[in-house]
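The values are calculated or read from the model by the stated rules, or taken from the named source; none is laboratory data. What you are looking at is a predicted structure, and each value in this text was computed from that prediction instead of being measured. Glycine also receives a Cβ, built like all others from the backbone with ideal geometry; neighbour counts cover every protein chain displayed.
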Amino acid sequence: MQSSTEQQNTPKKTGLLANILINVAIPAIILSRFSGEDALGPVWGLIVALSFPIGFGLWELKRAGKVNFFSVLGVISVMLTGGIALLQLDAKYIAIKEAAIPGAIGLAVLISQFTRYPLVTKFILNGDLLDNGKLYAALAERDNRALFERKLATAGYMVASSFFLSSVLNYLLAKLILVSPPGTTAFNEELGKMTWLSYPVIVLPCMVILFFAIWFIFSSISKLTGRELESFMQQTE
């Protein structure tokens, strides 16, 4: 149970709208509209556009006061994109990078399924949301802990599949859109287009799978414990 002081010291999470605005909308607009020779130019257009998600990611890390794996990965991903483009390397390397990061996460989730510490518990059984001690005690009362672990393993495969899907879609989207040489206005415009399309083409389908996995586990909790999910939620004051 969190005290009022702890709640005051816990930074509020940035809203979805602000995340989309800073990480998607603003960079995409700069890349698409202000990368011409009559504006910022292709190099400075790219630098200014990518400075928003990089700066936002670093600010989030500092504000949180602790290292968040996905925030760090996001910053590294954007910096790699900028580095590849500024060095004017072949655009195929961006496609490979776009596929490699979610692919590596999916592989890590999959491998962890066969260890004592499956990563799916970090995605779904978040200690900030659920009282896991209370949950497992309720499962033990009905001798359903082993069955719940199997349900959790199934959800783990769903989560891994969402990252593998993201990997494939990222690669295809980059290969289809990034056809101009890096360091040109056309390339920046294509990068902006890819940024815009990443949400409807990649993020939404993957989020559907993730939300289904969460729903699957939450509904299993109610069935296997005979209690409402709300009874296992962390209580705050």
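Can you tell me which residues in the stretch 196-230 are part of a helix (DSSP H, G or I), small (Gly, Ala, Ser) and touching a residue at least 40 places away in the same chain (Cβ under 8 Å)?
Of the residues in the stretch 196-230, the ones part of a helix (DSSP H, G or I) are 196-225, 229-230.
Of the ones still in play, those that are also small (Gly, Ala, Ser) are 198, 213, 219-220, 222.
Matches in the stretch 196-230: 198, 213, 220.
Inspect all residues belonging to the stretch 164-181 and state whether any of them is more than 19 Å from the chain's Cα centre (by Cα) and small (Gly, Ala, Ser). Let's see the steps before the verdict.
Filtering the stretch 164-181 down to residues more than 19 Å from the chain's Cα centre (by Cα) leaves 175-181.
Subset that is small (Gly, Ala, Ser): 180.
Yes, that holds for at least one residue.
Mind listing whichever residues of the stretch 143-160 are surrounded by 14 or more Cβ atoms within 10 Å (Cβ to Cβ) and in a loop (DSSP other than H, G, I, E, B)?
The answer is 144, and nothing else.
Quick check: is even one residue across the stretch 144-156 modelled with pLDDT of 85 or more and within 25 Å of residue 94 (Cα to Cα)? First the steps, then the outcome.
Taking the stretch 144-156 as the starting set, the residues that turn out to be modelled with pLDDT of 85 or more are 144-156.
With within 25 Å of residue 94 (Cα to Cα) added as a condition, the list becomes none.
There is no residue in the stretch 144-156 that is modelled with pLDDT of 85 or more and within 25 Å of residue 94 (Cα to Cα).
Go over the candidates 166, 112 one by one and state the one that is buried (at least 19 other Cβ atoms within 10 Å of the Cβ), touching a Pro at 6+ places or on another chain (Cβ under 9 Å) and more than 19 Å from residue 219 (Cβ to Cβ).
Details: 112 fails: buried (at least 19 other Cβ atoms within 10 Å of the Cβ).
Checking each option against the conditions leaves just 166.
Starting from the stretch 105-134, take each residue that is within 13 Å of residue 154 (Cα to Cα) and list its partners that are of a type in the set (Phe, Trp, Tyr) and crowded, with 18+ Cβ neighbours inside 10 Å, counting only C-beta distances under 7 angstrom and pairs at least six apart or across chains.
109/163
Which ones in the stretch 111-142 are modelled with pLDDT under 90, assigned to a helix (DSSP H, G or I) and among the hydrophobic types (A, V, I, L, M, F, W, C)?
Start the filter on the stretch 111-142 by keeping residues that are modelled with pLDDT under 90, which leaves 112-142.
When the remaining residues are screened for being assigned to a helix (DSSP H, G or I), the result is 112, 120-123, 132-141.
Hits for the stretch 111-142 are 120, 123, 135, 137, 138, 139, 140.
Look through the stretch 1-34, keep the residues that are in a loop (DSSP other than H, G, I, E, B) and modelled with pLDDT under 75, and return whichever of them is nearest to residue 57 (Cα to Cα). Show your work before the answer.
If we filter the stretch 1-34 for residues that are in a loop (DSSP other than H, G, I, E, B), which is where we start, we get 1, 3, 10-15, 34.
Narrowing the set further to residues that are modelled with pLDDT under 75 leaves 1, 3, 10-15.
On the way: 1: 29, 3: 28, 10: 18, 11: 15, 12: 15, 13: 13, 14: 11, 15: 14 Å.
Out of the qualifying residues, it is 14.
From the list 84, 47, pick out the single residue that is at pLDDT 80 or above and buried (at least 18 other Cβ atoms within 10 Å of the Cβ). Show your work before the answer.
Values: 47 fails: buried (at least 18 other Cβ atoms within 10 Å of the Cβ).
Going through 84, 47 in turn, the sole match is 84.
Of everything in the stretch 194-237 that's among the β-branched types (Val, Ile, Thr) and within 20 Å of the chain's Cα centre (by Cα), which residue is nearest to residue 154 (Cα to Cα)?
Residues of the stretch 194-237 among the β-branched types (Val, Ile, Thr): 195, 201-203, 208-209, 214, 217, 221, 225, 236.
With within 20 Å of the chain's Cα centre (by Cα) added as a condition, the list becomes 195, 201-203, 208-209, 214, 217.
Working: 195: 32, 201: 25, 202: 22, 203: 21, 208: 16, 209: 12, 214: 11, 217: 9 Å.
Result: 217.
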